[in-house]
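Accompanying notes for the structure given below.
Since every read-out is calculated from the coordinates, none of them should be taken as a lab result. What you see is a predicted model, and the numbers here were worked out from it, not measured in a lab. With ideal geometry, Cβ positions are generated from the backbone for all residues, glycine too; neighbour counts draw on all protein chains shown.
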Amino acid sequence: MADEQAIEVQEALEAPERGSAEELLDAGARAPIDAMRHSAAHVMAEAVLALFPEAKLGIGPAIENGFYYDFDLPRPLTPDDLAAIEARMRESVAAAHPFVRREVPFAEARALVAAAGQPYKVEILDDLAARATAAGDPPPATSFYEHGPFRDLCTGPHVATTAEIGPFRLLAVAGAYWRGDEKRPMLQRIYGTVWGTEEELEAFLWRREEAKKRDHRKLGVRLDLFSFHDVSPGAAFWHPKGWRLYTTLRDAMRELQARRGYDEIYTPPLVHQKLWEQSGHWDHYRDNMFLVEAEEQTFSLKPMNCPESSFIYRSRLRSYRDLPLRLAEYGVLHRNELSGVLSGLTRVRHFVTDDAHIFVRPDQIAAEIEGLMGEIRESYSWFGLTPTLTFGTRPDEALGDPAVWEETEAIMRAELERSGLEYRVKPKDGAFYAPKIDIQITDALGREWQTATIQVDRVMLPERFDLWYIDETGRQQRPVAIHRAIYGSLERFIGVLTEHFAGAFPLWCAPVQAVVIPIADRHLDPARELAAVLRGHGLRVEVDASGGRMQNKIRVAQEQKVPYMLVLGDREVTARTAAPRTRAGEQQPAEGWEALAERLATESAARRPE
RNA sequence: GCCGACAUAGCUCAGCGGUAGAGCAGCUGUUUCGUAAACAGCAGGUCCUCGGUUCAAAUCCGAGUGUCGGCUCCA
């Protein structure tokens, strides 16, 4: 059942560059990097005020990699403005203004910011006062930080002088609602990055460039995997190569699921309104659903599979002996995401998840989770990824008996421990109907993505859809419904993999596993024969029949990131061999066709990440 | 949805009031080549859509569509 959080494949948090230098001190300045970044925000505000005296200041915190500051300005900023602001900032840094802290009584502080014509700052203070009053406290003491001509309401801390701000760069300007509230004014947010050393700044900018190069939206076009068209925003058109990748990933998961005792089902994508009323989506999720009218009835494209799987569960009487019942479904889902948030494959309106609903008896929860951990560990090893886990516990407004929650959470926690995988706990971060384990992966550029999720639901599906089974004493019992996905959305997973591997997919899932390269046209027929031999072993092979030179064919295959290039010239044709070259540039000794086919097929079947 | 930017050949981009351009890819021909680009020629466009300004619009203005950067980080 579940609301939007059920299988939250869409909510991946892209958190660029975690860890690294964040908490490090700059050796020279001895200032924590956050103080440096926050100080840079002040310096930027100083520069903006110098250029736009009428600017109203929002907030300007340190963030991952840098800082931002929000401004209410008379006109939109241009890239030229950014350059001008950055130039003024450098002057301020060169002037080495000391940061001076001043403690100021509340009333005086309020008068100061009001006199300065800073309504957002006044609002911040009024909020603080209101909160203090609500807690029965007197208005809080406040502090200002000053440097040179600039003064800002601020708790600090800051570096000693503006000269201690490390190498920085302004990055972008973007709209941001005041306090993240779409009903409040839209401010202009300027993002910047600051680092302790020039090398770190360069490294950051390099990673940023590299991330741009690896962007799956660009690689998807270059590798001919998929395309997007305005006739269906937020939905990929899969080209033959992309679809090969897609089906290969899906079929690998199907193979694993078959081994693990899953059954696969398929339920209709178009479902009557009344189901959504029963599930609760009609009240809570309608805005995100695509509605379709037919004969004065309202249907919706399903945003998730859960409710319909309950029909299959209830299609016959279930015995305790039938459980666990593992129903996997590659259902086609549609969610009407706001047009502004769509982004390549990672934020789409149409997608498919490797979804499953597992119905178990309460005494089977632990064993099932243990099994799921194994599934996750195995499938992520295909890509050389090590998942990290996040355990979300009971939120404040949760459905169901707190005692049952506690019991479930205890079981899950024990299994997390046993799994040996790294995990963190986010208290109260569970779905409102189920504690959950979210799975994150960190890609080759250190970016973290959320993919899979496991939710142990003892309320929503079981109760709301009135599911039960007959126990050994003949009584009706509620099953537990475990919602789980491992890849999450295939679309998104492919987007993440594309960026992780920079398009150089492991052999086992590469859309084209080998290209046969005839040196001259007289080698074309043998090349086709070789390709047939390889295809006979289930390999995905192409022949480069273009009129180009061998060097050019290698270059093309190299750019297409094909794992193996099999060169065929006079020597090889005579000997019925081929000379393999890997995309890493390694030249391997010529090998007989059959032996080569067997070797590559074995390598492929092993599903190794390379 | 909201703020800003962008939309020119299959791809990457130039042109920014006066006859639509390049590189790559494609096609044709020549070359038949030994591990990351042979040579030559040809073809390729409602300059996103609709409306407006102008003698004249890819270019300026407005609306629409799509794409991109953001809209969580609370002095």
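Placing R0 at 35 angstrom, the Cβ-Cβ distance between A:T197 and A:E103 gives a FRET efficiency of 0.55 after rounding to 0.05. Figure legend: label point modelled 7 angstrom from the Cα of A:Q278 along Cα→Cβ; residues of the range A:287-321 with amide N under 12 Å from it are A:307-315. Placing pseudo-labels 7 Å out from each Cα toward the beta carbon at A:R413 and A:R208 gives an inter-label distance of 4.2 nm. Oblate is the label for chain A, because the ratio a/c of its alpha-carbon gyration tensor axes (a ≥ b ≥ c) is 1.5 or higher and a/b is not greater than b/c. Scanning residues 5 or more positions from A:H97 or on other chains, those with amide H under 5 Å from its amide H are A:T162, A:A163, with H placed 1.01 Å from N in the peptide plane.
Is the range A:30-117 best put as rounded, prolate or oblate by its Cα gyration tensor, with a ≥ b ≥ c the root eigenvalues, rounded for a/c under 1.5, and otherwise prolate when a/b is larger than b/c, oblate when not? Because a/c hits 1.5 or more and a/b fails to exceed b/c, the range A:30-117 counts as oblate.
The packing ranking, built from the mean of other Cβ atoms within 10 Å per residue, places the peptides A:198-209, A:36-47, A:160-171, A:497-508 in the order A:36-47, A:497-508, A:160-171, A:198-209, highest first. Cα centroid separation, the range A:233-293 to the range A:517-560: 37 Å. Between the alpha-carbon centers of the range A:565-610 and the range A:30-68, tell me the distance in whole angstrom. Value for the Cα centre distance between the two parts: 57 Å.
Length gained on full extension, A:A606 to A:D215: 138.0 nm, using 0.36 nm per residue less the C-alpha separation.
When peptides A:272-279, A:401-408, A:291-298 are sorted by average Cβ neighbour count within 10 Å, with the highest value leading, the order is A:272-279, A:401-408, A:291-298. Counting 0.36 nm for each residue step from A:S319 to A:L338 and taking away their Cα separation leaves a gain of 2.5 nm.
Phi angles of the range A:488-504 translate, via the Karplus equation with coefficients 6.51, -1.76, 1.60 and θ = phi - 60°, into HN-Hα couplings of x, 6, 4, 4, 5, 4, 5, x, 5, 4, 4, 6, 4, 8, 6, x, 8 Hz per residue; Gly and Pro are given as x.
Net length available on complete extension from A:R259 to A:R528 is 93.2 nm, with 0.36 nm assigned per residue and the Cα-Cα distance removed. Each residue of the range A:406-414 is assigned a 3J(HN,Hα), and the resulting list reads 4, 4, 5, 4, 5, 5, 5, 4, 4 Hz, derived from the Karplus form 6.51 cos²θ - 1.76 cosθ + 1.60 (θ = phi - 60°), x at Gly and Pro.
Would you tally the net charge around A:I411, using a Cβ to Cβ cut-off of less than 14 Å, leaving A:I411 out, and scoring K and R as +1, D and E as -1?
Taking every other residue near A:I411 into account, the sum is -3.
Computed over neighbours whose Cβ is under 12 Å from that of A:A109, the net charge equals 0, Lys and Arg +1, Asp and Glu -1.
In chain A, Cα pairs under 8 Å separated by at least six residues give a relative contact order of 13 percent. Taking amide H atoms as placed 1.01 Å from N in the peptide plane, the amide H of A:T298 lies under 5 Å from those of A:Q273, each 5 or more residues away in sequence or on another chain.
So, counting K/R as plus one and D/E as minus one, what does the shell of residues with Cβ under 12 Å around A:R540 add up to? So the surrounding residues net to +2.
Cβ neighbours within 10 Å, averaged per peptide: list A:371-381, A:538-548, A:343-353 in order, most packed at the top.
Numbers: A:371-381: 17.9, A:538-548: 16.1, A:343-353: 21.2.
By packing density, highest mean first, the sequence is A:343-353, A:371-381, A:538-548.
Only one residue of A:L530, A:A557, A:W593 has its Cα farthest out toward the positive end of the dipole of the range A:514-605, where Lys and Arg carry +1 and Asp and Glu -1 on Cβ, and that residue is A:A557.
Annotation: amide H of A:A431 within the under-5 Å range of A:K436, sequence separation 5 or more or interchain, hydrogens built in the peptide plane. Along the range A:430-445 the Karplus relation, 6.51 cos²θ - 1.76 cosθ + 1.60 evaluated at θ = phi - 60°, assigns HN-Hα couplings of x, 5, 5, 10, 6, x, 9, 10, 9, 10, 10, 10, 10, 8, 4, 9 Hz to successive residues, with x for each Gly and Pro.
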